[in-house]
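Here is the structure we will look at, set down as structure tokens.
The values are calculated or read from the model by the stated rules, or taken from the named source; none is laboratory data. The shown structure was predicted, so the numbers you read here are calculated from the model rather than taken from an experiment. Glycine also receives a Cβ, built like all others from the backbone with ideal geometry; neighbour counts cover every protein chain displayed.
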Amino acid sequence: MRYPIGFTMAQAAHRHKMERSGLKRYPTVVMLEPLYTCNLACLGCSVERHTGKLKDRMSLETCFKAVEECGAPIVNICGGEPTLYPELAQLVAGLTERGKYIILCTNALKLEEKLLSVIPPTDNLFLMIHLDGMRQTHDYVCNRKGVFDHAVEMIKKARDLGFYTYINTTVFKETSVEEVEDMCKLVNELRANGILISPGYEYESVQSDVFLSKEQIHEKFKAIREFAPKYKVNATPMFLEFAAGMRELPCAPWSTVNYTPKGWKAPCYLVEGEGYYDEWTRFWEDTNWEYWESRLDSRCQNCKMHSGFEHSAVEESMKTIKGTLQLAAWTLSK
């Protein structure tokens, strides 16, 4: 299977519960950013997400409160660099006790000392290690030499220890299609559990010109879609069709909500200028979800990020018997 059975069943159970309650919109993932501190300054990252002070990090109580208010079964711990969060072990333990599935996004520089030697592998914890290309490209994007080689060693070690380990690759202007396939081959070589491939999106607080235009996204993902079935690519066939420009989908910003040291970010972590909310209820009720679904806003025109559209891709797939069977076959493969 693309993901362990428990992870897949937790998503299905949550979806069934929400739909039985008559809800059209509901979060399935909460992107939890306990800190805005990082040990890298990657070209594709906003300044605020790597310049924050450690003293300004969120408390454990704040993290748990946000997760419980949201109700999503999956918690994506990001930032910043989560391995720099001093309370990481307690955070993972507390989320596990609450029955949550945890995806920990990391550059892996401090992974061994801060997680692998401290937290045991469990069926609820998934490591998502950033590798935005092979050695030359990744080190360029990270703005530091040696990051690629270290991340590869950490993937090997994590797999040897029994951790579910995935690779997260963002496709930038500098990334060739051939290099993306090399990344897919690397997944097999390292015995990683899969790779998430998503197009980079130019949001306002990022200054470097590394992002793809919509036309460039379509061109590259048409080629990626052709070889994706041969590898452990963790993006649904419908999403890849969307990324390749073969179909349109509404955005579902409410499916992946974002909690930061500044509060709940509306409408998503990419769109700047819409503000933050201290309270979940105000964030959920005051955000004009219908408007953001429409993608009419100029800031949304070129966006094809996985976090906003994978939920819509799954919903669209399940509207027909053919789409449902295709989605089931994809889920059960690899």
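The set of residues in the stretch 85-143 being modelled with pLDDT under 95, under 16 Å from G194 (Cα atoms) and of a type in the set (V, I, T) is empty.
Residues in the stretch 184-216 that are under 17 Å from T236 (Cβ atoms) and modelled with pLDDT under 90 were compared, and the one that is surrounded by the fewest Cβ atoms within 10 Å (Cβ to Cβ) is S198. For E68, are the conditions met, namely being touching a residue at least 40 places away in the same chain (Cβ under 8 Å) and of a type in the set (D, E)? No; evaluated as a whole, the condition is false for this residue. Cβ-Cβ distances below 9 Å connect the following pairs, each with a first residue in the stretch 266-279 that is of a type in the set (V, I, T), a second residue that is modelled with pLDDT of 95 or more, and a separation of six or more residues or different chains: V271/P253; V271/K265; V271/W292.
For the stretch 280-306, the candidate set comprises residues that are at pLDDT below 90 and not charged (D, E, K, R); within that set, the residue that is nearest to T28 (Cα to Cα) is H306. In the stretch 76-178, counting only helices (runs of 4 or more DSSP H) that sit wholly within it, the ones holding 3 or more residues that are touching an Asp or Glu at 6+ places or on another chain (Cβ under 7 Å) span 135-142, 147-161. Restricting attention to the stretch 21-59, the residues being of a type in the set (K, R) and closer than 20 Å to T287 by Cα number 2. Any residue at all in the stretch 12-29 that is in contact with a helix residue (DSSP H, G or I) (Cβ under 7 Å, 6 or more places away or on another chain), farther than 27 Å from V118 by Cβ, at pLDDT below 95 and crowded, with 17+ Cβ neighbours inside 10 Å? Within the stretch 12-29, not a single residue is in contact with a helix residue (DSSP H, G or I) (Cβ under 7 Å, 6 or more places away or on another chain), farther than 27 Å from V118 by Cβ, at pLDDT below 95 and crowded, with 17+ Cβ neighbours inside 10 Å.
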